[in-house]
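The values are calculated or read from the model by the stated rules, or taken from the named source; none is laboratory data. It should be emphasised that the depicted structure is a prediction, and the values quoted were computed from it without experimental measurement. So basically every Cβ, Gly included, is an ideal-geometry build from the backbone, and we count neighbours across all protein chains shown.
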Amino acid sequence: MKKEFVNSSISSEVLAAYLDGNAKANECKAILDALSESPELRELMHISQSVDKELGLMNEEDIEYIPMTALAATCEENSYCCLECEKYILDNRKIKYNESELLKKSINNKWLKEKGTALHNVGRHLEDAGLIVSRRFNCSINDIIDALNQKDDIIVAVDGGELIGNREHEIYEDIFIGQIPDHTVVVLSCDQIKRTITVYDPDSTNAEDTYSIVEFMDAWNDSKNYLVTIKSVDMKNYEPKPIDLSDVELTEDLNELREAIAENAHEIWAENRKKEGWTYGPQRNDELKQTPDMVPYSQLTEGEKEYDRQMAMKTIKLLKKLGYDLIKREDTELYKVLIQRIRESKLEFRCPQCNTPIY
């Protein structure tokens, strides 16, 4: 039996999922309903926020983290918002598809996981259909308007709980309301005079829903304004827009790691080139498959080394931007404690197959 907490309709498991940002849209709605009725629940939200801040669990660094791996959650049972958005666009473009095959492919390619689709996988089926899909963070309403003017289809990631809250509930500005991009919608239009946005929401019973731009931004901001645009094949208008990494600083040990990654990246490149039949040559010759870069990393020019270093450095910075920390195993307290326990342990277990000691 599930343990009930505060409100008879809210289990402790649902509340924990909500606080962790893993609640489904219908669970967020139940929490918002309970918030409007329960002073106890509102107080709990304040306490949870205070404890997290005290323990340093709420990030106060200057890095603006990018939730690229956040999961857009399920809408209803056996229905997934990302997949529904893509089907909506395929239908509008009159592109035929097999619904069961789309779902099967999502699962086989691991685009779709148990709790949803990672933001960086939104639009994969549209790519398969021959459409051009571009994914960008830190966009604006003007970017949406520009895409609409170009007749692009648009999918955005939002905080589903806030979107529902804006539609049906008073927003408690001083209470923690999710902050997790767990839902996707298709943007249909933007009325600049009325300052409204109209969307197709797979989780809504309406054919379309309209929000004020302020309400929409509240929900969209939680994905760092993640925008997926879809257009027909047209390579002329491609504009590279990599994620801004200017706010990420690397420590000295990570700068040292950069050099190791750069050298190994060159080794991987050279190995692949060798398999393709490339060899060393004083000048690049595509017909003979010769290149002056088929040498050890130490023999590369400083310019070539710097290219590899920049790629390595930006890879490390991107990991930090996505919220990952790189920690040397020997520097962690857990590792030190485990090593100490192993050394002090007087118990010995052996593998039944190879007789190797196991701790």
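Structure summary
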| read-out | value |
| --- | --- |
| Helices (runs of 4 or more DSSP H) wholly inside segment 107-191 containing at least 1 residues that are assigned by TED's automatic domain parsing to the domain that holds Cys85 and at pLDDT below 80 | 160-168 |
| Verdict on Thr205 being touching an Asp or Glu at 6+ places or on another chain (Cβ under 9 Å), of a type in the set (Ser, Thr, Tyr) and assigned by TED's automatic domain parsing to the domain that holds Ile132 | no |
| Inter-residue pairs, beta-carbon under 7 Å, first of a type in the set (Val, Ile, Thr) and in segment 132-148, second part of a helix (DSSP H, G or I), 6+ apart | Val133/Leu126; Val133/Glu127; Ile141/Ile213 |
| Residue in segment 262-275 that is out of contact with any strand residue (DSSP E or B) (no Cβ under 8 Å at 6 or more places or on another chain), outside any helix (DSSP H, G or I) and not hydrophobic (A, V, I, L, M, F, W, C) present | no |
| Residue in segment 317-338 that is polar (S, T, N, Q) and not in a loop (DSSP other than H, G, I, E, B) present | no |
| Segment 251-306: number of residues that are among the aromatic types (Phe, Trp, Tyr) and crowded, with 16+ Cβ neighbours inside 10 Å | 2 |
| Per-region count, segment 225-250, residues surrounded by 10 or more Cβ atoms within 10 Å (Cβ to Cβ), of a type in the set (Val, Ile, Thr) and either at pLDDT below 80 or assigned to a loop (DSSP other than H, G, I, E, B) (or both) | 2 |
| Where a residue in segment 202-219 is surrounded by fewer than 19 Cβ atoms within 10 Å (Cβ to Cβ) and its partner, wherever it lies, is in a helix (DSSP H, G or I) and modelled with pLDDT of 90 or more, with Cβ under 7 Å and at least six apart | Ile213/Ile141 |
| Members of segment 273-320 found to be under 13 Å from Arg258 (Cβ atoms) and of a type in the set (A, V, I, L, M, F, W, C), listed by number | Met311, Ala312, Met313, Ile316, Leu318, Leu319 |
